[in-house]
Amino acid sequence: QVQLVESGGGLVQAGGSLRLSCAASGRLFRINDMGWYRQAPGKQRELVAHITSGGATNYVDSVKGRFTISRDNAKNTVYLQMNSLKPEDTAVYYCNAEYTSIGGYRILGVWGQGTLVTVSS
């Protein structure tokens, strides 16, 4: 069983920065793609940023130029550096991962518990 644990959320003023971390633990062969999603109150969960095992990234338009996703494969950890935060970035941020199990199976849809980011105006 692989678990994802997020950290780094909190309250910040508009224009400020936060760095989210998500560490994967458990028995696995390799972490493949990883991503950050967010869900604001009353809204659907949306993909914010995605990074492949090779380091290719993509972002939702609303965060391009402000957020940066990165990963440390040795630590099975993905990060989301969030700069120039806006009140509309307020949401619960979830980490998502796909991994290859010890037995060679590709496992999709592993989620963390979420971390709240609140941006005040």
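The values are calculated or read from the model by the stated rules, or taken from the named source; none is laboratory data. Source: prediction; values computed, not measured. Positions of Cβ are generated from backbone atoms using ideal geometry, with glycine treated the same way; all protein chains shown enter the neighbour counts. These accessible areas exclude ligands, DNA and RNA; they are computed on the full protein's heavy atoms, side chains included. Shrake-Rupley method; radii C 1.70, N 1.55, O 1.52, S 1.80 Å.
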Is there a residue being charged (D, E, K, R), touching a residue at least 24 places away in the same chain (Cβ under 8 Å), touching a Cys at 6+ places or on another chain (Cβ under 9 Å) and not in a helix (DSSP H, G or I) anywhere in segment 13-28? no
Output the residue which, of all residues in segment 67-116 that are over 12 Å from the mean Cα position of the chain (by Cα) and aromatic (Phe, Trp, Tyr), is nearest to Arg30 (Cα to Cα). Tyr99
Of all residues being within 15 Å of the chain's Cα centre (by Cα) and hydrophobic (A, V, I, L, M, F, W, C) in segment 1-25, which is farthest from Lys86 (Cα to Cα)? Just the residue, please. Ala24
For segment 69-121, how many residues meet the condition of being open to solvent by 60 Å² or more (accessible area, probe 1.4 Å), under 15 Å from Thr52 (Cβ atoms) and aliphatic (A, V, I, L, M)? 1
Within segment 42-54, identify whether any single residue is of a type outside the set (Lys, Arg), open to solvent by 20 Å² or more (accessible area, probe 1.4 Å) and touching a residue at least 40 places away in the same chain (Cβ under 8 Å), and answer yes or no. no
Among (1) open to solvent by 30 Å² or more (accessible area, probe 1.4 Å); (2) farther than 16 Å from Val119 by Cα, where does Ala14 come up short? (2)
